[in-house]
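Report on one structure; see the data block that follows.
The values are calculated or read from the model by the stated rules, or taken from the named source; none is laboratory data. Given the structure is predicted, the values throughout are model-derived calculations rather than measurements. A quick note on method: Cβ atoms are made from the backbone with ideal geometry, for glycine too, and the neighbour counts reach across all protein chains shown. To get the accessible areas, we keep the full protein, side chains included, count just its heavy atoms, and leave off ligands, DNA and RNA. Shrake-Rupley method; radii C 1.70, N 1.55, O 1.52, S 1.80 Å.
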Amino acid sequence: MKNSNFLELTSLQVAMTRVFGVFDRLTLVETRSTQTDMMAEPDGKSTLVNGPSGEGGAGDDKHKDEDACGSKEDTGEASGDKNVSEKSEPKASQDGEVDDEDTDSMDGSGLYSLTEDGERESEGDGQDGAKEKESGRRAGRKRNRPCAGGNNTTHSSSSDEEEQKDEEDDNDDDEDNDNEAMEAWLGAELRDLRGPAWRAIPSLRSREIGRDAPQFVRRVCGARGLVQRLELQGRLEKHSGCVNTLHFNPSGTRLASGSDDLRVVIWDWAVRRAELEFDSGHKSNVFQAKFLPHSGDSTLAMCARDGQIRVAELSATQRCKNTKRVAQHKGAAHKLALEPDSPCSFLSAGEDAVVFGIDLRLDRPANKLVVVKEGDKKVGLYTIFVNPAKTHHFAVGGRDQYVRIYDQRKINENDNNGVLKKFCPSHLVSSESKTNITCLVYSHDGSELLASYNDEDIYLFDSNHSDGADYCRRYKGHRNNATVKGVNFYGPCSEFVVSGSDCGHIYLWDKHSARIVQFMEGDIGGVVNCLEPHPHLPGMATSGLDHDIKLWAPTAETPTVLKGLKEVMKKNKRERDEDSVRHSDQYDTQLLWFLMRHMRNRRPPRTRREGADADTDESWSSPNTSDEEEGGPDHVQCMSS
């Protein structure tokens, strides 16, 4: 055990050395910036490098524990009260000086732009006047253009050149209009970006003298300046299929991954080495594998496309003792939900609309908690999550537009189908488009709920609001269509929202302002599905259609300039608009497929030929069979693989 603990400590030290090596560079950057500002002052007075006023120097680090997470935002606004962002201006000090911009902010205004170099485009009357002048020049050229029947041939060549120039000007105007439309679409629900809450020099100085040392790492992980410096650190390569799931153990020293190759790998990610690889026992794509909390990393829960919920028992000698089936859905099971304080109980959700409560201490672990319905129609499920603050509450999402919250203590399916409350963006309640929820997660304190919709955006809800409340924030720019895509909070106090995209990129939004603060190319294969922030360090692991796992840490020399973001977002929006036009035809095709499948399932079973081998495995793939006909997943016994 001593050797094992020593190895884990060494691995974590290696990782922290790599990650926190960026502090030296940050300190050097801020020091140089400060010296430059002092030299630039004509009267010899120094200017602070603190960006927006309201955040001072070292004195600002006298925060209490609750200040490290920030005060709870006022997220109770309805979507109708959306604020259009305004250009922020630096505040003047009492001496008439203007504070310089912070080195961790992205530009002087603290707001991102869609231009290639990250600079803000010109605004106001000057831009409108330039357009009017250019329009007048083009009109003048057309008036002075010679007639087609003129005798001078030079006029003809000159006319061709002017027509070509006019076409180029028209193309530029179209591009400007597209950019304006994109800016208007994005900026409709944005807020001003707040000033940076963490600065390298004051925080490091406070840590050196022992002040607020316990909160140092926590504040670093939630710093926007480090999020803007995230870059690829390395890859973990072992799987031979798409990597569908990632999960850190509670201490953050190990990373579990599952893949289409039906195998699960346990990684020592800090040294990029696979410690254990084993067959999951599943018959189809592994969708999720999670360490159960307080189990000493010895119990791993798994679910897959075959609908099985399995548990792997791991030994301290880096091997898998066995895996056993503890529940069975009649359709794919995409997600598991862990109870934060329980090493032996968790929840599962499947496309059969069933939620199982699983207790490994029982002879029959699976207990059917609820069948999710909208009216009399079952709603297949893609995602489930337990509220970390109220562990008896859990939220589910799937093949309709509603986020549903249940209370395990009082589920009565005869009363509102057992639902405690439902949330949905107001414009999607009566929408004809068939939107699904591919993933939802609670924030660190359970006060907020984040839901990602396919062919739509990401929405933030206040979980304490009443039934039917509208969303509080909306995050735009990514593309969620090709896969059952994940979404997550980033930061110890859920300061950011992170999602993958069909375009192969990773997006990070500032939660409060809904502005994109980081944009990275994540997958060559084209789709990023899984995003797993480290529980204690600034960094995360991601995966998608590529067969590897990518590790990210804030080691870049300078903050991002969001290069290429404009083109990628325009492409994503165009593809989404085209898909919405084709939606009606797709719906008719899906309806035809469903009817044909239903008729095929109603055919009488064919008699088994003599001498044919009996099928030793129960078939759970048909969602039209009842629990009574199949024996039901409630009665499945644990079987070692």
If Leu314 satisfies all but one of (1) open to solvent by 30 Å² or more (accessible area, probe 1.4 Å); (2) modelled with pLDDT under 95; (3) not hydroxyl-bearing (Ser, Thr, Tyr), what's the number of the condition it fails?
(1)
List the residue pairs whose Cβ atoms are under 6 Å apart, where the first residue sits in the stretch 262-279 and is of a type outside the set (Asp, Glu), the second is part of a loop (DSSP other than H, G, I, E, B), and the two are 6 or more positions apart or on different chains.
Leu262/Ser280; Leu262/His282; Val264/Ser280; Val265/Lys238; Ile266/Arg254; Ala274/Lys238; Leu276/Gln318
Checked the stretch 360-374 for anything assigned to a strand (DSSP E or B) and open to solvent by less than 30 Å² (accessible area, probe 1.4 Å); matches are Ala366, Val370, Val371
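Kindly provide the set of residues from the stretch 343-359 that are of a type in the set (Phe, Trp, Tyr) and open to solvent by 10 Å² or more (accessible area, probe 1.4 Å), ordered by number.
Step one: of the stretch 343-359, the residues of a type in the set (Phe, Trp, Tyr) are 346, 356.
Correct list: empty.
Checking the conditions here, which among Ser284, Ser295, Ser240, Ser315 is out of contact with any Leu (no Cβ under 7 Å at 6 or more places or on another chain), under 30 Å from Thr555 (Cα atoms) and among the hydroxyl-bearing types (Ser, Thr, Tyr)?
Only one candidate passes the filter, namely Ser240.
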Flagged in the stretch 200-226 as in contact with a Leu (Cβ under 9 Å, 6 or more places away or on another chain) and either of a type in the set (Phe, Trp, Tyr) or open to solvent by 20 Å² or more (accessible area, probe 1.4 Å) (or both), in numbering order, are Ile201, Leu204, Phe216, Val217, Arg224
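How many of the residues making up the stretch 303-359 are within 25 Å of Gly446 (Cβ to Cβ) and assigned to a strand (DSSP E or B)? Step through it out loud before you land on a result.
So in the stretch 303-359, the residues within 25 Å of Gly446 (Cβ to Cβ) come out as 303, 309, 333-350, 353-359.
Okay, now just the ones that are also assigned to a strand (DSSP E or B), so 303, 309, 333-338, 345-350, 354-359.
Residues in the stretch 303-359 being within 25 Å of Gly446 (Cβ to Cβ) and assigned to a strand (DSSP E or B): 20 in total.
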Is one or more of the residues making up the stretch 560-583 among the hydrophobic types (A, V, I, L, M, F, W, C), modelled with pLDDT of 60 or more and assigned to a loop (DSSP other than H, G, I, E, B)?
yes
Looking at the structure I just gave you, is Lys321 in contact (Cβ under 8 Å) with a residue 24 or more places away in the chain and not hydroxyl-bearing (Ser, Thr, Tyr)?
no
Go through (1) modelled with pLDDT of 95 or more; (2) touching a Phe, Trp or Tyr at 6+ places or on another chain (Cβ under 6 Å); (3) open to solvent by 10 Å² or more (accessible area, probe 1.4 Å) and name the single condition Val419 misses.
(2)
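Per-residue answers, yes or no, for (1) hydroxyl-bearing (Ser, Thr, Tyr); (2) open to solvent by less than 30 Å² (accessible area, probe 1.4 Å); (3) under 11 Å from the mean Cα position of the chain (by Cα):
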site: Ile458; (1), (2), (3): no, yes, yes
site: Asp467; (1), (2), (3): no, no, no
site: Arg474; (1), (2), (3): no, no, no
site: Val484; (1), (2), (3): no, no, no
site: Phe489; (1), (2), (3): no, yes, yes
site: Ser494; (1), (2), (3): yes, yes, no
site: Trp509; (1), (2), (3): no, yes, yes
Are any residues in the stretch 390-430 on the phi < 0 side of the Ramachandran plot and assigned to a helix (DSSP H, G or I), and if so, which ones?
Gln408, Arg409, Lys410, Ser426, His427, Leu428, Val429
Scan of the stretch 508-538 for residues that are in contact with a His (Cβ under 8 Å, 6 or more places away or on another chain) and under 25 Å from Leu381 (Cα atoms), ordered by number
Val528, Glu532
Residues of the stretch 260-309 classified as closer than 18 Å to Ser342 by Cβ and either more than 22 Å from the chain's Cα centre (by Cα) or among the hydrophobic types (A, V, I, L, M, F, W, C) (or both), total:
15
Looking at the structure I just gave you, is Ser433 at pLDDT 90 or above and not in a helix (DSSP H, G or I)?
no
Screening Leu190, Leu186 for residues that are in contact with a Lys or Arg (Cβ under 7 Å, 6 or more places away or on another chain), hydrophobic (A, V, I, L, M, F, W, C), modelled with pLDDT under 95 and in a loop (DSSP other than H, G, I, E, B) leaves only Leu190
The one condition Asn572 fails out of (1) open to solvent by 20 Å² or more (accessible area, probe 1.4 Å); (2) among the polar types (S, T, N, Q); (3) farther than 27 Å from Asp261 by Cα; (4) out of contact with any strand residue (DSSP E or B) (no Cβ under 6 Å at 6 or more places or on another chain) is (1)
Would you please name the residue that is nearest to Asp261 (Cα to Cα), looking only at residues in the stretch 521-552 that are open to solvent by less than 10 Å² (accessible area, probe 1.4 Å) and polar (S, T, N, Q)?
Ser543
